[in-house]
1. Any lysines with Cα under 20 Å of the Lys54 Cα? List them, leaving off those in the same chain fewer than 8 positions away.
2. What's the carbon and sulfur percent of the range 37-84's accessible surface, probe 1.4 angstrom, rounded to a whole number?
3. So what is the accessible area of the range 37-84 per residue, in Å², with the probe set to 1.4 Å?
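The values are calculated or read from the model by the stated rules, or taken from the named source; none is laboratory data. Everything quoted here is computed from the prediction, not taken from an experiment. What goes into the accessible areas is simple: the full protein's heavy atoms, side chains included, and nothing from ligands, DNA or RNA. Shrake-Rupley method; radii C 1.70, N 1.55, O 1.52, S 1.80 Å.
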Amino acid sequence: STPNAPEDDVANRYSRTDRTAYSRYSRDANSSGNSVPSNALEKRIEELERELAKERQENVRLMKITQDKEELIGKLKEEIDLLNR
């Protein structure tokens, strides 16, 4: 069974971890002489983090829907078995 964590908690947990990794990457890339301004990179990173959080929320939502449908299928199979008897 899937954990019953609120969607926001799941998305926030991942985005915090990713933000740390991205910030580290951004600093490393800038220190190695990358010609892209760090401000533009930071904006892009924030945009990607928001997109990632939305995708993760959608994933949690779809997993919940899938779980609900699987439970319904199981109940219907039980009902079919009872009717066949």
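1. Candidates past the 8-residue exclusion: Lys43, Lys64.
2. Here it works out to 55 percent.
3. Normalised by residue count, the accessible surface of the range 37-84 is 86 Å².
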